[in-house]
Amino acid sequence: MSFFKRLKEKISQQADHITEKFKEGLTKTREGFADKVNHLIAKYRKIDEDFFEELEEILISADVGFETVMELIDELKMEVKRRNIQDPKEIQDVISEKLVEIYQAGEEGSTQINIQDDKLTVILFVGVNGVGKTTTIGKLAYKYKNEGKNVLLAAGDTFRAGAIEQLEVWGERVGVEVIKQGAGSDPAAVMYDAIQAARARNADILLCDTAGRLQNKVNLMKELEKIKRVIEREIPGAPHEVLLVLDATTGQNAMVQAKTFKEATDVSGIVLTKLDGTAKGGIVLAIRNELHIPVKFVGLGEKMDDLQQFDAEQYVYGLFANLVEEDHIN
Ligand SMILES: Nc1nc2c(ncn2[C@@H]2O[C@H](COP(=O)(O)OP(=O)(O)OP(=O)(O)O)[C@@H](O)[C@H]2O)c(=O)[nH]1
Ligand SMILES: [Mg+2]
């Protein structure tokens, strides 16, 4: 049985709406990347050096990342030789398989969120301005509340005008409380308050917003360190997750941001937002393979339920779904 068929069977055991979300959120990437792969396959009668060169270009233009592309092409060449594949049509299945493999190969961390049983879980969100931190917090608050959890938000972006109000709008929409102080106050003090409030209200999950922009980068990193220190002091072992939010539409720039934040704080996972807004969704693979940080959530749209836990199989299935299903692979 083909890899893709097995993938489809496996995925069919998960909820349909998740598969649909991935398929829909990846529409642009499917059109900009998977479509091109399909055209390439249709164009070539046999697999040769030119074929691989064109494939390499397509992968690089989809932001898969140079190192990852090289690795992938090497693996494909080996597999083609090993299985003695002549017909380019057969290679699509191998590509899908290798993409999942590359993603799952790393040993570092799973896509699961480190939720504490029977005590407070603190999740800190970091990232530069405009990437989608506050929106992600809103979406996650919605998700956890729906799961029956007692959720609290901390308005740690005291710097940008309107940031506190924006979080409050989400709080109202979802029906969860926001702990805040005035604009310009010390975010570490807000976190302290929020932890006390979380204790008093027996909260399960505290989601902490932070500023994306300060006077300069050094200040931003110092502020994040201070916030973390206060949280750690109040709750040993917390924050249980430091999620770096990256905007998928910014491509290589997102990779640079990730490197900067990784040096300054212990990032435990990535939230990759706006995957629906880019044709270059290959960046998921670059992040995982080159930064060794797991992508835990992906933003597949602006609606409350458009944030999904990342799943490499759903992702690869979503990439090739409509292209393979009616086609030659069975
Ligand atoms: N299409 C799409 N838009 C998104 C997604 N996530 C966030 N956005 C949009 O991105 C914009 C910026 O989001 P914010 O949540 O305000 O970003 P932020 O990181 O908090 O920004 P600062 O507070 O300025 O640091 C908003 O218009 C969101 O609706 C997503 O997954 N898909
Ligand atoms: Mg914000």
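Every number here is computed from the coordinates shown, using simple stated rules; none is lab data. The structure presented is a predicted model; accordingly, all values stated were derived computationally and were not measured. All Cβ positions, even for glycine, are placed from backbone atoms using ideal geometry, and neighbour counts span all protein chains on display.
Among the trypsin sites (Lys or Arg not before Pro) within the stretch 24-88, those in coil by DSSP and having at most 12 neighbouring Cβ atoms inside 10 Å are ARG45, LYS46, ARG83.
Separation of the stretch 200-255 from the stretch 278-326 is 23 Å, based on Cα centroids.
Of all beta bridges that DSSP places with both ends in the chain, some 10 percent have antiparallel geometry.
What whole-number distance in Å separates the alpha-carbon centres of the stretch 1-78 and the stretch 89-143? The distance from the Cα centre of the stretch 1-78 to that of the stretch 89-143 comes to 20 Å.
Taking each pair of different alpha-carbon atoms in the stretch 3-98 once, compute 1/r for the pair, average those values, and report the inverse of that mean as the Kirkwood hydrodynamic radius in Å to one decimal. Numbers along the way, then the final one.
Working: mean 1/r = 0.0692 Å⁻¹.
This gives a value of 14.4 Å.
On full extension, the segment bounded by ASN219 and ASP186 gains 10.6 nm, given 0.36 nm per residue less the C-alpha separation.
Once you have the Cα-Cα distance between MET1 and HIS39, take 0.36 nm times their residue separation minus that, and quote the gain in nm to one decimal.
11.3 nm
Do any GluC sites (Glu not before Pro) in the stretch 112-195 lie in a DSSP loop with no more than 15 other beta carbon atoms within 10 Å, and if so, which? Spell out each step's value before the answer.
Working: sites: GLU147, GLU165, GLU168, GLU172, GLU177; in loops: GLU147.
Of the GluC sites (Glu not before Pro), the ones in loops of the stretch 112-195 whose Cβ has at most 15 other Cβ atoms within 10 Å are GLU147.
Relative contact order of the stretch 47-171, taken over Cα pairs closer than 8 Å and 6 or more residues apart, is 13 percent. Legend: residue pairs LYS5/LYS303; LYS98/LYS259; LYS228/LYS303, Cα-Cα distance threshold 28 Å; pairs beyond threshold, LYS5/LYS303; LYS228/LYS303.
Treating each Cα of the stretch 71-128 as an identical point scatterer and summing with the Debye formula, the log10 of I(q)/I(0) at q = 0.14, 0.18, 0.20 Å⁻¹ comes to -0.60, -0.73, -0.81.
Based on DSSP H runs of at least 4 residues, each adding -39500 (n - 2.57), what is the mean residue ellipticity at 222 nm of the chain after dividing by all its residues, to the nearest 500 deg cm²/dmol?
Details: 13 runs with 162 residues, N = 330.
Roughly -15500 deg cm²/dmol at 222 nm, from the helical runs in the chain.
Counting only C-alpha contacts under 8 Å and six or more residues apart, can you give the relative contact order of the chain as a whole percent?
Dividing the mean separation by the residue count of the chain yields 29 percent.
How big is Rg to Rh over the chain, alpha-carbon atoms, Rh as the Kirkwood inverse-mean-distance radius? Present the calculation step by step, with values, prior to reporting the outcome.
Working: Rg = 21.3 Å, Rh = 20.8 Å.
When Rh is taken as the Kirkwood radius, the ratio is 1.02.
Couplings 3J(HN,Hα) for the stretch 284-300, derived from phi with the Karplus relation 6.51 cos²θ - 1.76 cosθ + 1.60 (θ = phi - 60°), are 3, 5, 4, 4, 5, 7, 9, 9, 6, 10, x, 7, 9, 9, 10, x, 10 Hz, where x marks Gly and Pro. Using a cutoff of 8 angstrom between alpha carbon atoms and counting only pairs six or more residues apart, the relative contact order for the stretch 266-306 works out to 52 percent.
So what is the orientation-averaged projected area of the stretch 107-200, using the convex hull of its C-alpha atoms, in nm²? Please list the in-between numbers first.
Details: hull surface 27.9 nm².
Averaging across all directions leaves 7.0 nm² for the Cα convex hull.
Where in the chain are the helices, taken as whole DSSP H runs, whose Cα atoms extend 15 angstrom or more along the long axis and whose Kyte-Doolittle mean reaches at least -0.5? Taking the DSSP H segments of the chain (at least 15 Å long, mean hydropathy at least -0.5), we get 49-61, 66-82, 91-105, 163-174, 187-200, 312-325.
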